[in-house]
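This report refers to the structure that appears directly beneath it.
Read the figures in this text as sums done on the coordinates, not as results from a lab. Since the structure is predicted, the reported quantities are computational estimates derived from the model, not experimental observations. When we count neighbours, we look across all protein chains shown, and the Cβ atoms used for this are built from the backbone with ideal geometry, even at glycine.
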Amino acid sequence: MTVTEYNDSVDQFSDNLYRFVLKNIKDSDKAKDIVQDTYLKFWEKKDSVDVKKIKPYLFTTAYHTLIDVVRREKKQGSFDDVKEESYSTKAEYSDLQEILHKAIEQLPEDQKAVILLRDYEGYAYDEIAEITKMTESQVKVYIFRGRKFLKNYLGSVEALI
């Protein structure tokens, strides 16, 4: 891979990669660091990465870097400390995007990642499985459970509007 091809991949995929990471961790500085680490790892392995598989390689590397960061910083809490009110919205909002982001933040990391890859980035189940190193059936289960949680969290859309 040449420097020009590498730079083209940065121009082509960095925004999507940053958006994916930022949606998962909600910290722009950490998201920038993860994207930078991803491209550093890509540079180190640029000769072994197939040109047709640059995008999946970048998303896979970013996902694993993201998981490493989350695991390092994760503070384990008790499930009993979770308040039931935080799982439902009762107030009326006009900004559905804000409500959706708040709902997505409530998901476990694995479910959040696969839903973002599927619904925001448009990846197929097999591509998500390759990126996250899960089986395709695990991906489908996590997406189903995540969407079910989001449906329960959001209630009916008519009630929100």
Compute the Rg to Rh ratio over segment 1-53 from the alpha carbon atoms, using the Kirkwood formula for Rh, and round to two decimal places. 1.01
Summed over the other residues with a beta carbon less than 10 angstrom from that of Arg147, with K and R at +1 and D and E at -1, the charge totals +3
Cα-Cα over 26 Å: which of Lys53/Lys74; Lys26/Lys133; Lys32/Lys112; Lys53/Lys102? Lys53/Lys74; Lys53/Lys102
